[in-house]
Amino acid sequence: MQYEGSIWRPPSEARSLILQATVGCSHNACIFCVSYKKKQYRVRGANAIQSDLDSLPDSYRQQVSRVFLADGNALAMSTTEILKTLEVLHDNLPSLQRVGVYGYAKDVRTKSIEDLKELSNGGLGIVYLGLETGDDDLLRWARKGINSAENIEACMKIRDAGIPLSLTIILGLGGLENSNKHAIATAHVLNQINPEYVGALTLMTPPGTQIYEMVESKIFIPMGPMDILTELKTLIEHLELTNCVFRTNHASNYLPIKGTLNQDKTRLLEILTDTIETGTTENLRPSFMRGL
């Protein structure tokens, strides 16, 4: 097995076999992201994946049921290369049930619905896409490189192709000043996409990012725990989703909650309201335990 640099994966891929189909991120410009700053984006592809699998004991390969293809957005590979990679995986992993990748809206634009349906038929089982926010001003400020309309178009393309979609949003991205606008705009975009999964992260400002420099120079003031929970409450209040698994189980969050929306909307709002109104911090993750 060969890995280049730090490897990142979604919380739900904790037990998956991680294979590095690409190195780095095809965008790599977001002000909040430190994950791929030291990597130049390039494709490793199917041949490298075959080499990685050849290095594993056959007894292990027989048991692998899930694979996550790193790095930042392996969906940026050509459709042909992804299909070759999926073929290699299924040829070598007889128990394989699902393959997941990170995606980026701009990369989805280069693929037709037919391309995406081919990937679905070839075994691509889920795409994780960083929506971050539904507010266009914040998307520009964060140097995401796309607007909300492009995010919606890309996500609907993935959904129309029959590929399950997991979206991430970032609580606290706009600071206290933009908190309400960020929450409502994000809910509005999520309602239009109606994905199968939504994961809420909380903004981290690690050294090496532009937002860290903004914090150091007092240009940006991170929100406190209760303000973050108030933003989360506003978001959930405005969500109208159909059978969507909603989680805040990422290590960056202060309060891990989980439910299916909109079925569990009332219960989640009650948890948040009780925590905010009582000011109880005993159930919150301490800041020193939060991570990327």
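Each value in this text was obtained by applying a stated rule to the coordinates, not by laboratory testing. Please read these numbers as outputs of a predicted model, since none were measured by experiment. Ideal geometry is used to build each Cβ from the backbone, glycine not excepted, and the neighbour counts take in all protein chains shown.
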- Task: Give me ILE126, ILE184 ranked fewest to most by other Cβ atoms within 10 Å of their Cβ, as a rough exposure proxy.
- Result: ILE184, ILE126
- Item | Added length on full extension, which subtracts the Cα-Cα distance from 0.36 nm per residue, HIS90 to LYS258 | 57.3 nm
- Could you give the angle, 0 to 90 degrees to the nearest 10, between helix 225-237's Cα long axis and the longest principal axis of the Cα atoms of the chain? 70
- Item | Spatially proximal lysines relative to LYS111 (Cα-Cα < 22 Å; intrachain offsets below 8 disregarded) | LYS84, LYS144, LYS157
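Looking at the stretch 24-57, which trypsin sites (Lys or Arg not before Pro) are DSSP coil and have at most 16 other C-beta atoms within 10 Å of their C-beta? Walk me through the intermediate numbers first.
Numbers: sites: LYS37, LYS38, LYS39, ARG42, ARG44; in loops: LYS37, LYS38, LYS39, ARG44.
Taking the stretch 24-57 and a limit of 16 other Cβ atoms within 10 Å, the loop trypsin sites (Lys or Arg not before Pro) found are LYS37, LYS38.
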- Subtracting the Cα-Cα distance from 0.36 nm times the residue separation, let me have the gained length for ARG143 to ILE7 in nm, one decimal. 46.7 nm
- Task: Report the one residue of LEU93, GLY130, ILE219 whose Cα lies farthest in the direction of the positive end of the charge dipole of the chain (charges on C-beta: Lys and Arg +1, Asp and Glu -1; origin at the Cα centre).
- Result: LEU93
- Tell me, THR260, THR85 in order of fewest to most beta-carbon neighbours within 10 Å? THR260, THR85
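So how do 19-26, 238-245 stack up, highest first, on mean other-Cβ count within 10 Å?
Numbers: 19-26: 22.2, 238-245: 16.6.
Ranked from most to least packed, the peptides come out as 19-26, 238-245.
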- Query: Hey, what does the equivalent ellipsoid look like for the stretch 11-289, semi-axes from the Cα gyration tensor as sqrt of 5 times each eigenvalue, largest first, whole Å?
  - Reply: 33, 20, 19
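How much net charge surrounds LEU173 when only other residues with a Cβ under 15 Å from its Cβ are counted (Lys, Arg +1; Asp, Glu -1)? Write out the running numbers ahead of the final one.
Details: positive: ARG140, ARG143, LYS144, LYS181; negative: GLU132, ASP135, ASP136, ASP137, GLU177, ASP227, GLU231.
Its environment carries a net charge of -3.
I need GLU231, GLU81, GLU282 ordered by Cβ neighbour count within 10 Å, fewest first.
Details: GLU231 24, GLU81 18, GLU282 6.
Starting with the residue having the fewest Cβ neighbours, the order is GLU282, GLU81, GLU231.
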- Query: How far is helix 148-160 tilted, in degrees, relative to the longest principal axis of the Cα atoms in the chain, given as a value from 0 to 90 rounded to the nearest 10?
  - Reply: 50
- Message: For a quick check, take a GNM of the chain with Cα springs below 10 Å and name the residue from ASN147, ASN121, ASN28 with the largest mean-square fluctuation.
- Response: ASN121
- Message: Compute the helix-to-body angle for 79-92: its Cα long axis versus the longest principal axis of the chain, expressed 0 to 90° and rounded to tens.
- Response: 70
- Based only on the alpha carbon positions, what is the Kirkwood hydrodynamic radius of the stretch 140-265, in angstrom? 15.3
- Note on the structure: Here FRET efficiency (C-beta to C-beta, LYS37 to ILE113, R₀ 41 Å, nearest 0.05) is 0.75
- Measuring from label point to label point, each 7 Å out along Cα→Cβ, what is the ARG267 to GLU196 span in nm? 2.1
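Loop only per DSSP, at most 13 neighbouring Cβ atoms within 10 Å: give me the trypsin sites (Lys or Arg not before Pro) in the stretch 145-247, ordered by residue number.
On the way: sites: LYS157, ARG159, LYS181, LYS218, LYS233, ARG247; in loops: LYS218.
For trypsin sites (Lys or Arg not before Pro) across the stretch 145-247 that sit outside H, G, I, E and B with at most 13 neighbouring Cβ atoms in 10 Å, the list reads LYS218.
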- Out of THR278, THR234, THR133, any idea which swings most in a Gaussian network model of the chain, alpha carbons joined below 10 Å? THR278
- Would you mind checking the stretch 197-214 for residues with the amide N under 17 Å from a putative spin-label position 7 Å along Cα→C-beta of ASP227? 202-206, 211-214
- Using only alpha carbon pairs under 8 Å that are at least six residues apart, calculate the relative contact order of the chain and give it in whole percent. 14
- Note on the structure: the stretch 222-292: relative contact order from alpha carbon pairs under 8 Å, six or more residues apart, as a whole percent, is 33
